[in-house]
Amino acid sequence: MFAVSQAKQRASQSRWQTLKRHLQHGDVLFRVLTALGALTVFMLIVIIGYELWLNSPLPREKFGWRFLVESEWNPVTQEFGAFPFIFGTLQTSVMALIFAVPVSLGIAIFLAELAPAWLRQPLGFIVELLAAVPSVVYGLWGLFVFIPAFVRPIAELLHTTLGFLPLFTGPVYGPSRLSASLILAIMILPTISAVSRDVLLAIPASQREAALALGATRWEMIWRVLLPYGLSGILGAVILGLGRALGETMAVTMVIGNNLALTASLLHPGYTMASIIANEFAEATYELYIQSLIQIALVLFVVTLVLNSIARVLVWRVARRVPTEVRI
Amino acid sequence: MMWNPAHYQRRKLVNAVMLALCGLATLFAVAPLLWILVYVFQEGGRHLSLQFFTELPTPVGVPGGGVVNAIVGSAIVVGIACALSIPLALVAAMYAAEHPNTPLGVTLRFATDVLSGVPSIVIGIFAYTIIVLPQKQFSAFSGGVALAIIMLPIVLRTTEEMIKLVPRHLREGSLALGASEWKTMLQVTLPAAINGVVTGIMLGVARVAGEAAPMIFTAFGNPFFSTDVNQPIATLPHMIFVYAISPYKDWHAKAWTTALVLVTLVLGLNIVTRLITAWQLKRMGWR
Amino acid sequence: MFKSRMIVTGLLVALVGILVGACASATPAPQPTVTPAVTKVVETKVIEQTKVVEKVVTATPAPATPAPKAGSVLINGAGATFPFPLYSRWFYEYAFVDTTVRFNYQSIGSGGGIAQITAKTVDFGASDAILTADQYAKAPGIQMIPVVAGPIVPIYNIRSDDGKVITDTIKFPRTALADIYLGKIKKWNDPVLAQANPNIKLPNKDIVVVARSDGSGTTFAYTDYLSQVSAEWKEKVGQGTSVKWPTGLGGKGNEGVAGTVSQNDGAIGYVEFAYAKQNRLAYGAVQNKAGEYVLPTVEAVQAAMADFGANMGDKLALSIADAPGKKSWPIASYTYLLIYMDQTDCVKGKKLVEFIKWGLSDAGAKFARELDYVPLPPEVHKVVLDKLSKVTCQGKPL
């Protein structure tokens, strides 16, 4: 009897009530809202890329693809080629990552696993505090303190011992790509290590305990269990660091020497895409000049895209060997 | 297979060496960090006085002066940036964490990584193009927008990763108890991830609080005290930049002192936020 | 436990900071002495090592910027970095003269000033570089107003063969700087330099050339000079706010150039004179068109301005590089304000013109001299005032 009346009730329910029932938990709304948020962020980036594209037609008309491979940047004769900057950006960012990632991981591991309890908080704070130092201060400190005291002697040493390698040729000046790479490495350290530390701390204790119970040494636990588990998060941290390195303007401009010469040498001054924009945008006085600078920003956009794709493919390959619990 | 003593010795050696290297890495890293901090404190501490926090900047040759307008200005601009970017980043991160393999999720992650690589000056120019030019007016609001765009990827990425790291059983337990998805997210998953999320927010705030390049084309700077969102406004990193590139020694000293003020304020903000987070978690019964 | 740990950490860091700061303050730091009773005391000291005459100006304690009256207007300007110290001083002092207006000037560079005034996001611009026909076309009704002039100097950092820093003033013959920057003169003991400096033992070192990497009015003025003394420079490199330097390193801003020069033995660079003087950088004497070696004094720049007089034409723009007079400093330039001859906001327009007149008057010129800028000669002053009287607001006179 009861079942029959219930069935009648259900049949007479209107569509509106069905809809209300679907929405009553708020989940659909939640999903829509978050999707909208994601879409907004995505659209923002598309708009930025589009604006950059829209505001730089002249160099594409005049130079086409040559813009990417020519090395002549001459505002007076109106010849613009972006290759030295692309090379400089790639070289300094990759070198910065090479210096920073192992050290950051070391710090993160130390902070999360090895440091005695009383040391963790202060050390963690100091590392995060480094992120608070303004880029201008890094530039000033780099130029007047770090380069003379540290980078210069190392550069001289590299030059005398390994000077035959194309990577270490050339006269040794103060500001150079090596200085820029080192300063960038210092600047991205806090980002990568703070986030990696949090990633490592968030890994459940059960994973650690399981590894240790199976007889792994501490290092093996970290290397074979924690790092793969946290790979996605750590990669996120590294990419944030890479992003910062690619886009860092102020500090790099002050320590890289701003020289257009095309050598592979780390000890030679160089130039990055962000620096040329910072140096010349305010003074660019005619359309082709301004638009060429905007085109460089667009090229940087694309370079970041390509580097990120490569990183993603690399991780996907490594991740395939990792158990399903981990989401990449 | 029998336990091989030679293998074990090697594993122990590798263990010792790698752990020592980690300690060494920390030392190598903390050293320049402390070096910069000590330098900033040392150079900046010379001229630090109460008047530095309460007076307006003075021109060259006129002694004294302070950066009160820049302190308030930075607070306003960073406040606008946070108000714009944090909600958006959290919402988008929730989507990306919940639906990592959908087309929108993958593209979003990609796009965020690309955005984090855009130089701050380009973002400043972008904000200039879409806000300052149409309004024919430099303003604190445009500065806030530029900083929000810079902050967005940092907060988004970190939040997303932290949410993904919350153990599944917490989420599943909550859902099994009948909580809806959004309740689970807001009252279980997020609080579990909150420390990492706060790290991300703090890193973002620290980064944008120190960005001078975007301010040049948006907030513009202002030697006077102003709280008007639609007028140019002074910010601490911009003042540091202006002081540092000047030809005058006393302005160089002011640059270091302003840097000290900035670093101290961000550190203070960091401490306060962590305190509040810990207190809130305790209130919700997490500790 | 978490909370208390954090409090302890925060306190520790604060304590360390205060300690270090206290230690730092204990070391004597250069502080301007303040004597409340006397208005201005100018002492002249000759510092032996660099033989630079330094004026130490002690001033009364700064009166606090007066609170603006209700309804006061904020006028925004942007442009050249070269006159920034002067403008910021002028605006500060003018706030006492007229309490109903406040001026906000940001030094984003000459090109930036031109771009912003063209886009009308600011009320006035400032530029060291002279506007091109193209720029005039984009900003119809714009007018350049010369305000002050200033010298640019070559700076160097060389140790002689016995390791001692050379503090004497090196003399640069007329085309020497151009040839150095072209890369034709490569060593300090090149015959051209050695001949001009018989009393200095210049070492056999490479010349490390340093230039401005960022676009700037300083570069504009310097390359203007180089183009005028060397036809080869004019043809190969030319003049502009940013050029392709044939050789050398780039430094960002004056401090980048000075920093790079001071860190490289055998380096040469160019900076604004105020910067060289304030930072006690060694600078050289340059041979002018008349064949005389001159130092960059106020009188030398005034002589250069007098050489060209007031024949500026309607545009009021004039290059004073490579002046022909015997006492003239060859590397100098005017700096200009950029305003629209027809203002849209009458209140702002009126205040702006009044301010410019004040800056050019004796009251303003006093501060200019104090900060090592050279005020306009009387004939140019007259021409400028004449032009200012023609500024209108929406068609009607101000």
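The values are calculated or read from the model by the stated rules, or taken from the named source; none is laboratory data. Since we're looking at a predicted model, the values are computed, not measured. With ideal geometry, Cβ positions are generated from the backbone for all residues, glycine too; neighbour counts draw on all protein chains shown.
Quick check: is even one residue across the stretch A:195-209 within 14 Å of the chain's Cα centre (by Cα), more than 8 Å from chain B (Cβ to nearest Cβ) and either crowded, with 24+ Cβ neighbours inside 10 Å or touching a residue at least 40 places away in the same chain (Cβ under 8 Å) (or both)? Looking for residues that are within 14 Å of the chain's Cα centre (by Cα), more than 8 Å from chain B (Cβ to nearest Cβ) and either crowded, with 24+ Cβ neighbours inside 10 Å or touching a residue at least 40 places away in the same chain (Cβ under 8 Å) (or both), one finds at least one in the stretch A:195-209, hence yes. For the stretch B:129-159, the set of residues classified as among the β-branched types (Val, Ile, Thr) and within 13 Å of chain A (Cβ to nearest Cβ) consists of B:129, B:130, B:131, B:145, B:149, B:150, B:154, B:155, B:158, B:159, listed by residue number.
Scan B:247, B:223, B:191, B:232 and give me the residue that is more than 14 Å from the chain's Cα centre (by Cα), at pLDDT 90 or above and farther than 17 Å from residue A:130 by Cβ. B:232 is the lone residue from the list that is more than 14 Å from the chain's Cα centre (by Cα), at pLDDT 90 or above and farther than 17 Å from residue A:130 by Cβ. From the list B:89, B:70, B:93, the lone residue that is more than 7 Å from every other protein chain (Cβ to nearest Cβ) and within 14 Å of the chain's Cα centre (by Cα) is B:89.
Quick grid of which residues meet (1) touching a strand residue (DSSP E or B) at 6+ places or on another chain (Cβ under 7 Å); (2) crowded, with 17+ Cβ neighbours inside 10 Å; (3) at pLDDT below 90:
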site: C:163; (1), (2), (3): no, no, yes
site: C:170; (1), (2), (3): yes, yes, no
site: C:176; (1), (2), (3): no, yes, no
site: C:182; (1), (2), (3): no, yes, no
site: C:185; (1), (2), (3): no, yes, no
site: C:193; (1), (2), (3): no, yes, no
site: C:198; (1), (2), (3): no, no, no
site: C:207; (1), (2), (3): yes, yes, no
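Given the options A:187, A:250, A:254, name the one that is touching a helix residue (DSSP H, G or I) at 6+ places or on another chain (Cβ under 9 Å) and more than 9 Å from every other protein chain (Cβ to nearest Cβ). Every option except A:187 fails the conditions.
Residue selection: residue B:164 fails the criterion of being in contact with a Ser or Thr (Cβ under 8 Å, 6 or more places away or on another chain), facing another protein chain (nearest Cβ under 10 Å) and surrounded by fewer than 20 Cβ atoms within 10 Å (Cβ to Cβ). Restricted to the stretch A:41-80, and to residues that are assigned to a helix (DSSP H, G or I), touching a residue at least 12 places away in the same chain (Cβ under 8 Å) and more than 18 Å from residue B:122 (Cα to Cα), which residue is nearest to the other protein chains (Cβ to nearest Cβ)? In this case the residue turns out to be A:58.
Can you tell me which residue in the stretch C:291-314 is farthest from residue C:377 (Cα to Cα), limited to those that are polar (S, T, N, Q) and assigned to a loop (DSSP other than H, G, I, E, B)? Looking at residues that are polar (S, T, N, Q) and assigned to a loop (DSSP other than H, G, I, E, B), I get C:297. Take the residues in the stretch A:139-179 that are among the small types (Gly, Ala, Ser) and within 18 Å of residue B:31 (Cα to Cα), then tell me which one is surrounded by the most Cβ atoms within 10 Å (Cβ to Cβ). The extreme case among them is A:179. Of the numbered criteria (1) at negative phi; (2) crowded, with 23+ Cβ neighbours inside 10 Å; (3) part of a loop (DSSP other than H, G, I, E, B), the one residue C:359 fails is (3). State whether one or more residues within the stretch B:57-64 are closer than 30 Å to residue C:367 by Cβ and hydrophobic (A, V, I, L, M, F, W, C). Yes - at least one qualifying residue is present in the stretch B:57-64. In the set B:240, B:201, only one residue is touching a Pro at 6+ places or on another chain (Cβ under 8 Å) and closer than 19 Å to residue A:131 by Cβ; that residue is B:240. Of all positions in the stretch C:242-256, at least one carries a residue that is without any contact (Cβ under 8 Å) to a residue 60 or more places away in the chain and surrounded by fewer than 21 Cβ atoms within 10 Å (Cβ to Cβ). For the stretch C:68-83, the set of residues classified as surrounded by fewer than 23 Cβ atoms within 10 Å (Cβ to Cβ) and in contact with a strand residue (DSSP E or B) (Cβ under 9 Å, 6 or more places away or on another chain) consists of C:68, C:72, C:73, C:74, C:75, C:76, listed by residue number.
Only residues that are without any contact (Cβ under 8 Å) to a residue 12 or more places away in the chain and charged (D, E, K, R) were counted across the stretch C:310-363, and they come to 2. Given the condition within 10 Å of chain A (Cβ to nearest Cβ) and out of contact with any helix residue (DSSP H, G or I) (no Cβ under 7 Å at 6 or more places or on another chain), answer yes or no: does some residue in the stretch B:182-199 qualify? Yes: the stretch B:182-199 contains one or more residues that are within 10 Å of chain A (Cβ to nearest Cβ) and out of contact with any helix residue (DSSP H, G or I) (no Cβ under 7 Å at 6 or more places or on another chain). Here residue C:137 clears all of (1) more than 12 Å from every other protein chain (Cβ to nearest Cβ); (2) of a type outside the set (Ser, Thr, Tyr); (3) not in a strand (DSSP E or B) except the condition numbered (1). The residue list B:131, B:121 contains one member that is among the hydrophobic types (A, V, I, L, M, F, W, C), more than 18 Å from the chain's Cα centre (by Cα) and assigned to a helix (DSSP H, G or I), which is B:131. Screening the stretch B:172-272 for helices (runs of 4 or more DSSP H) wholly inside it with 2 or more residues that are touching a residue at least 24 places away in the same chain (Cβ under 8 Å) and not basic (Lys, Arg) returns the ranges B:190-209, B:213-217, B:236-244. Applying the criterion of being surrounded by 16 or more Cβ atoms within 10 Å (Cβ to Cβ) and without any contact (Cβ under 8 Å) to a residue 60 or more places away in the chain to the residues of the stretch C:364-384, the residue that is farthest from the chain's Cα centre (by Cα) is C:381. Would you confirm whether any residue within the stretch A:122-130 is in contact with a strand residue (DSSP E or B) (Cβ under 7 Å, 6 or more places away or on another chain) and on the phi < 0 side of the Ramachandran plot? Checking the stretch A:122-130: not a single residue is in contact with a strand residue (DSSP E or B) (Cβ under 7 Å, 6 or more places away or on another chain) and on the phi < 0 side of the Ramachandran plot. How about the stretch A:85-183: which helices (runs of 4 or more DSSP H) wholly inside it have at least 2 residues that are over 26 Å from the mean Cα position of the chain (by Cα)? Result: A:117-132, A:152-162. Looking only at the stretch A:228-263, which residues are among the hydrophobic types (A, V, I, L, M, F, W, C) and within 18 Å of residue A:310 (Cβ to Cβ)? Within the stretch A:228-263, A:231, A:234, A:235, A:237, A:238, A:239, A:240, A:242, A:245, A:246 meet the criteria.
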